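Working notes for the structure below.
The values are calculated or read from the model by the stated rules, or taken from the named source; none is laboratory data. Quick caveat: nothing in here was measured; it's all calculated off a predicted structure. Don't worry about glycine lacking a Cβ; one is built from the backbone with ideal geometry, like all the others, and counts go over all protein chains shown. Surface areas here come from the heavy atoms of the whole protein model, side chains and all, with no ligands, DNA or RNA. Shrake-Rupley method; radii C 1.70, N 1.55, O 1.52, S 1.80 Å.
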Amino acid sequence: MPRLIGVDIPNDKRTIIALTYLFGVGSTRAAQVCEALNLDPDRRAKELSDEELGSISSYLQDNFNVEGALRRERTQAINRLRDIACYRGLRHRRGLPVRGQRTRTNARGRKGPKKTVAGKQSVKSLK
């Protein structure tokens, strides 16, 4: 498996698809990289030479924030919001949806599994 910026990219996928396995590289950016370096996007990743892999990684690191640098930048941005105690920072701190979604129903992905409240009775048990 070829290795780029500390990530193993799959052998049997096309170059343009294999590049999307890097954090911060989507299909558009992968196409830009292939075009800038004159790489055939339809070649398989295992067919890339060491020089081409080196040029891809240096191009990505010079022109874009990818992998560790991008993760660090995102974490610092969220921590800044938490520190200044703005609304978005408080929502991050409490583990609730940040962008205005409802929480009365749904939001399970952000809030985690249901926590049953003890002592709450259903309508059927009151009869």
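Under a Cβ-only charge scheme (Lys and Arg +1, Asp and Glu -1), can you give me the dipole magnitude of the chain about the Cα centre, in debye to the nearest 20?
About 2240 debye.
Quick one: which residues, 5+ away or cross-chain, put their amide H under 5 Å from the amide H of Leu4? H built at 1.01 Å from N.
Ile9
Along the Cα→Cβ direction, 7 angstrom out, place labels at Asn11 and Leu90. What is the inter-label distance in nm?
5.5
Largest first, what is the accessible-area ranking of Arg110, Arg3 with a 1.4 Å probe?
If we order Arg110, Arg3 from most to least accessible, we get Arg3, Arg110.
Kindly give Rg over Rh for the chain, based on alpha-carbon atoms, with the Kirkwood expression for the hydrodynamic radius.
Values: Rg = 22.4 Å, Rh = 18.2 Å.
We get a ratio of 1.23 for the chain.
Among Gln121, Leu60, Ala45, which residue has its Cα furthest toward the positive end of the charge dipole of the range 19-127, with +1 on Lys/Arg Cβ and -1 on Asp/Glu Cβ?
Gln121
Summarise the long-distance tail of P(r) for the range 24-73 by giving the % of C-alpha pairs beyond 13 Å.
Looking at the range 24-73, the distances longer than 13 Å represent 60 percent of pairs.
Across the chain, how many lysine pairs, 8 or more apart or on two chains, come within less than 28 Å at their alpha-carbon atoms?
Close lysine pairs under the 28 Å cut-off: 7.
Given R₀ = 35 Å, FRET efficiency for Tyr59-Arg102 by Cβ-Cβ distance, to 0.05?
0.25
Among the chymotrypsin sites (Phe, Trp or Tyr not before Pro) within the range 24-110, which fall in a DSSP loop and have no more than 11 other Cβ atoms within 10 Å of their own Cβ?
Numbers: sites: Tyr59, Phe64, Tyr87; in loops: Phe64.
Sites meeting the loop and neighbour criteria: none at all.
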